[in-house]
């Protein structure tokens, strides 16, 4: 009798393991289906979005640059909060007046997916070479600066867009006082 019971228990273990594996597989599949994208894909899409943003910014492509921002996005600066429309008008004017950028790059990009994979935070450094409209505007300004960027991304209507951005700028290097 004990031998027969042991045979039954041994026989059920593989089924139980197979059943558990099936349940776990279904749960993982449902999680991916709920977010509408395969695991790992969302992080890559946000990283690609950051690169598209910086490429458009470096090329002064105002319209492309602003398609990456959600219409309800905000920017919080020491001068106050900007909306999409306010930032668009300001940047369009800067570029239209001959200012903007000569180049921009992405360095040290890190994407952190938030629970549910419908939002993410991307942090990165963005070295920029600025373009000034004239010599007077360039006077006393370092054309090479580094922006320290934090962007918050949301997945809406099958698209990743920035809903909030904050940046700080590395101050230009100070002249050395050694040897004075």
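What follows draws every value from the coordinates through simple rules; no lab data is involved. Owing to the predicted nature of the structure, the values given are computational and were not obtained by experimental measurement. For neighbour counting, all protein chains shown are included, and Cβ atoms are generated from backbone atoms with ideal geometry for every residue, glycine included.
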How much of the DSSP beta bridge set in region 37-169 is antiparallel, as a percent to the nearest 5? 90
State the extension gain, in nm to one decimal, for the chain segment bounded by residue 48 and residue 166, taking 0.36 nm per residue of separation less the distance between their alpha-carbons. 40.6 nm
Using 0.36 nm per residue, how much length does the chain from residue 92 to residue 109 gain when fully extended, once their Cα-Cα distance is taken away? 3.5 nm
Could the peptides 123-135, 53-65 be put in order, highest first, of the mean number of other beta-carbon atoms found within 10 Å of their residues? 53-65, 123-135
